Amino acid sequence: MEASGSLFPAFGFAIAAESTKPPTADLDWLKNRSFCTKDALVLERSQKRSEDDERSPELDKSSRSDESDHSALNRHRREKVKKDASEEWKKKKKKKKREKKKKKDSRKRREESEDVGSSEEEEYHGQRKRGNTTEASLVPPEGAVRSMWLEETDPELGLFYVDRKPDSANLQFMSIYRGHIARYRRLGDSCLGLDHKQQQLLWNSSKSRKKRWKKLLMGTNDRYFCAGVLPVPGEVVRAKQGLSLLREFLPVEVGSGCAMSGNSVAKLDARDLYTSATALYLQGKSHSSRGGPQEGKPVEKLTAENLLAEKLQSRVEEFNRQLREDPHDVARWLAFIRFQDEAALQGDEASVCDSLEGRTKTRSALLERRLAIVERALEANPSSTELKLSHLEAGAELWATSQLAGEWKKLVFMHPNDASLWARYLLFAQSHQSTFSVSRVNSLYGKCLSTLASAVDGSLLSHPALPGTTESMFGIFLQQCHFLRQSGHAEKCVSLFQAAIDFNFFRPDNLNDVKTHGLVDFFETFWDSGEPHFGEKGARGWNAWMRQQERGGWVSLDQKDEGDEASEGMDEEELGYEGDEHEPRWQVWLRLEQSRERRHWIPWRADVSKGQKEEDCDDPDRQVLYDDIGKSLFTLETPELRFRLVCVFLSFLGISTRSSHDLAASALDDPIVIFSRDAKGLLTEASMLMGTGRLDFVCDMSDAVGGTWAVAEGRRSQHAEDFVRGLLEQAMQLFTGDEQAAIALAWMHHERLKVELSQRTSALRRTRALGKRAQRLAKTLLKQPAHRNRLPLWLEMAKLEWVLQEFGQARRILDTALAAALKASSAATNELCVLCLWYAKMELASGPSADAFNRTVHILTAVVAEKGMAYVPSSGQPDPPLAVLRSRKAYERALEVALKFVEVATVDGCVSVWHYPSSYVLLVCCFAFLQYASVGPLAADTIFESAYEQLKKLLGAGMAKEKPMGRVARDLELLAEERALLLRYHVVTELTSPRRLLRKALSCAAMEFPSNAHLLRLYVQSETEGPGLGIGSLRRVFSQLTRHSDSIMPWLFSLYAEMERKRVVETGLGISLHPETGLQHRIQALFERALERPSASACPLLWRFYLYFAAIHWKSEKAIGVFYRAVQACPWVKVLYLDAVRLFPERLQEMVDLLTEKELRVRLPLEELDILLE
């Protein structure tokens, strides 16, 4: 066998049969191997080289003599220079000899053998380096690298050739790049793959042992262009002495693809010689990841951890394959980045690291891994905004604040027309405590909106506006309003809404063609003129003021308003301090600060008619300058956005409207909004108002801030009530038709809620006064010709009468409206369905009696009554069974027809201001309530479940065709709410009924809609009420929700459920035989896990929960650490500082200093408090 110096000797030889024909007898003398032409050529050239070396000293002497005769004047100088050069050369030579000797002693001999061709090539390059450039020496040896010009070659001979000599390194290293070759030295005479007891290998090494670095200096490539690295022929492997092994080759198993016939040589594929583990290793795959057993080790049993690791590994390989094939797939890169969190949560890192230090290290490793992936993705997709945002998210916890801020500024500068990018940047700017201040962040909001407005109107030439920019600008505008409200600057928030409404609704006609920047400049003159703004008494608008200015201005009449004097006198009286002398200082400051915050949210403006000036204001911060709000003004192009602007302003003032407005996580700061809105009955309000209990900490948190300045209706001053009433009157004049009726409905609903609040908190006399005022308002609005036939307004008036315990009057109103609606329309309209459904709910809410069920059946049969049949009010007696059966059949036919029109309702243009669901959902609800009242809860749940499956199929088909199915998704959510509402009513009223249907419906709804706070609250209440606490199933559901959902709601309600469980356990209710322990640590772990998410860390309500929990169960030093963490994440939220004053009274001065430093609104300085206490 011939051996080679390669790592795998199996490739050191090449079995090839050049010719199967035997040579002729005349050419037998060519078999003599004693003579080699190549050796003769080498000997001849070496002899010529020795002769050239002997003649070289004579040539050097002659050249030196010529140089000396060249100039006799400079001979002495030249000799001196040569002497110095020779001495320096000798020193360098001695130094090189010493270094060479050291290397020679410390470095081992070169093991790879070199053939003659390599030495010949080195000799050729050595001659060129020494300068022996004779014609004979310039001829490169055979096998050396030669270069030639393409033009000098003969085309007939061919410009290229095929190298048929095999190179085993290509099979060994699977690459042709020389940098990938592993350098190694052979130690000893052993060889891999041999049986050392029966086989041995004798190497033939050449006498030449040159250093490898010499060849590298000469510029030769030691793999492809040098014969020295070719396999060195070796001797035939023989058996050792004493062994009977007569074979002249290594035994190799012949695979199925090798055909052996007679004495012919088989053609083997060298790759078949590897084991399966080696083959997988050369392919870059792990043998263990394929589940194959390792040699010499027992097969391990498959466990859950091994299966999980196998699954994660397969997903990683799939991601790598897809991204390698298509590196420009941004969605796939983002999915791979998100997969890192899932892998870290499910893998070994999450199970091993239980300590805080371990979790920190795991988190750092995860962030570094994500950062590396994002950087690789950006190399292939440098213009992707999503990847750049992921890059910033990954580096948020690793980079310094200055570096992170610089990266954000650079990104916004490169994409000034991207509204979503601006929204993220603004949230980042207001979330970093070290660089935060209210004025700085407010100016950033103004810069953002002005830049986007320039892109919309075409002023920004470098970047055109993206689709949907105006809607995104409206969202950023609302984000700014929430920021000002939470920071305590309620006056600026109200002024911003007033300016936006005046800017869009009362713009002069001659300024329609002016760009946004010019309109803002024109609007400044109106804002600073002293003219009443929108919502204030006597407000006429920008357009009317400008026309009157062209005519000479307004004629001012000095009229004294007694109501204003009374309200001002009441406010001044409330400013004084009349309290207990022993009341602590921090309680006095907190009470007065909250009192002023509830009353002074309207901007103060000097009344010229009363002779007031700007200097007369006691608190200069109550005055709003135009520079604080002017840059945030922009044009709302569509009527829908203008109507939403007014509705959102009303919602900020505590007036709920039907316009959908979902709060972002950063705007959630009041627990009353999502946790504890109590309602009097189970079916008299929507599911969002349901609730049966309140946690103590929720009560404390709501009482700590006294409610939001806009929600505390019962504690408003008369001046504030006049402002709200004037604003509603002016808002109704801005619209006509359905929009005007919707605002009238919101006004009536607001008055009814005030009556309900007064029934729980105030005296009977005040409740009656508020009820009479609400009745007068309802009658006034219904007398208007545009509102006489509006069924929602009649329904709202009937609700008011029901709240006032006037059940007979409420029934007469509803029967009259129902009869008029059936007479006017032959088909079941959405308004008719809503009217009948609410009428049935009100009857059921009065009590689960037979009379209520009979009335409910009679009302709901009227929805599908035949054409021309007059409606007769129910007397409480049951309807004939035949009429009920006809109604069921009519409902089934109506549902089949309505289902065909559901897809049409998905178009955005079909959405009305009432935000009703589709007629199919309303008919399903009416039919289900009819079945509940006539048959039972199981029949009603069957109707809901069947309709739910139909809508899910329609939703899946529409999403597959990429159609807008937002309305269908909303219908599914409303259907789930109504189903849960009905089943919960049955469980509460029928105490012996099982909770199986309710638990199934709520768990499925919670998994489908994890962002719906109403469904999550119902689920938590149903599982935590009563002696049997279903905390196990609750934890399983919320564990999946928190793992797979990006919403903050599952985290909040998971904490809500655990705290409720802790309260029940501590009070001794529902304790089993084996009481559960460790609830406090479980809640703390939930808080920490939730705060690891960027969206949750910016939620003020979550930090408020954590702060109250820490203050109750931990020491003061540890709890104050939670406060400082909260301030670093949400420095703009004033209520956090007020909570700290309530929980840590000794730190009052410190909290006020922090409020002042960050420019948050402080209405009562401590110096003024000291004066009041004196």
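Exactly one residue out of SER450, SER487, SER459 is farther than 27 Å from ARG622 by Cα and of a type in the set (S, T, N, Q): that is SER459.
For the range 625-640, indicate whether the set of residues that are over 36 Å from the mean Cα position of the chain (by Cα) and on the phi < 0 side of the Ramachandran plot is non-empty. There is at least one residue in the range 625-640 that is over 36 Å from the mean Cα position of the chain (by Cα) and on the phi < 0 side of the Ramachandran plot. Among the numbered criteria (1) at pLDDT 85 or above; (2) polar (S, T, N, Q); (3) open to solvent by 80 Å² or more (accessible area, probe 1.4 Å), which one does GLN559 miss? Unmet for GLN559, out of (1) at pLDDT 85 or above; (2) polar (S, T, N, Q); (3) open to solvent by 80 Å² or more (accessible area, probe 1.4 Å): (1).
May I ask you to verify whether LEU641 is buried (at least 21 other Cβ atoms within 10 Å of the Cβ) and either among the acidic types (Asp, Glu) or at pLDDT 75 or above (or both)?
On the way: buried (at least 21 other Cβ atoms within 10 Å of the Cβ): no; either among the acidic types (Asp, Glu) or at pLDDT 75 or above (or both): yes.
No; evaluated as a whole, the condition is false for this residue.
Checking each residue in the range 838-857 for being open to solvent by 40 Å² or more (accessible area, probe 1.4 Å) and out of contact with any helix residue (DSSP H, G or I) (no Cβ under 7 Å at 6 or more places or on another chain) picks out SER849, ALA850, ASP851.
Every residue, every condition in (1) of a type in the set (Asp, Glu); (2) within 24 Å of GLU1167 (Cβ to Cβ); (3) in contact with a helix residue (DSSP H, G or I) (Cβ under 6 Å, 6 or more places away or on another chain), yes or no:
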residue	(1), (2), (3)
PRO584	no, yes, no
LEU592	no, yes, no
TRP604	no, yes, yes
VAL608	no, no, no
LYS613	no, no, no
CYS617	no, yes, no
PRO620	no, yes, no
PHE643	no, no, yes
GLY654	no, no, yes
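Counting the residues of the range 398-430 that are touching a Phe, Trp or Tyr at 6+ places or on another chain (Cβ under 8 Å) and polar (S, T, N, Q) gives 1. Residue check: is SER431 part of a loop (DSSP other than H, G, I, E, B) and either closer than 25 Å to ALA1096 by Cβ or modelled with pLDDT of 95 or more (or both)? Against the criterion (part of a loop (DSSP other than H, G, I, E, B) and either closer than 25 Å to ALA1096 by Cβ or modelled with pLDDT of 95 or more (or both)), SER431 qualifies.
Which of the residues belonging to the range 999-1013 are part of a helix (DSSP H, G or I) and surrounded by fewer than 23 Cβ atoms within 10 Å (Cβ to Cβ)? Within the range 999-1013, ARG999, LYS1000, SER1003, CYS1004, MET1007, GLU1008, ALA1013 qualify. Taking the numbered list (1) over 27 Å from ALA544 (Cβ atoms); (2) assigned to a loop (DSSP other than H, G, I, E, B); (3) free of Cβ contacts under 8 Å to residues at least 40 places away in the same chain in turn, ARG507 passes all entries but (1). Taking the range 814-829 as the range and being in a helix (DSSP H, G or I) and open to solvent by less than 50 Å² (accessible area, probe 1.4 Å) as the test, the residues that pass are LEU814, ASP815, ALA817, LEU818, ALA819, ALA821, LEU822. ARG996 falls short on exactly one of the conditions (1) modelled with pLDDT of 85 or more; (2) buried (at least 18 other Cβ atoms within 10 Å of the Cβ), and that condition is (2).
Note on the range 754-798: residues that are more than 21 Å from LEU837 (Cα to Cα), surrounded by 12 or more Cβ atoms within 10 Å (Cβ to Cβ) and under 45 Å from the mean Cα position of the chain (by Cα) amount to 6.
The values are calculated or read from the model by the stated rules, or taken from the named source; none is laboratory data. Please read these numbers as outputs of a predicted model, since none were measured by experiment. Glycine gets a Cβ as well: all are built from the backbone with ideal geometry, and neighbour counts include every protein chain shown. Remember, those area values only see protein heavy atoms, side chains included, never the ligands or the DNA or RNA. Shrake-Rupley method; radii C 1.70, N 1.55, O 1.52, S 1.80 Å.
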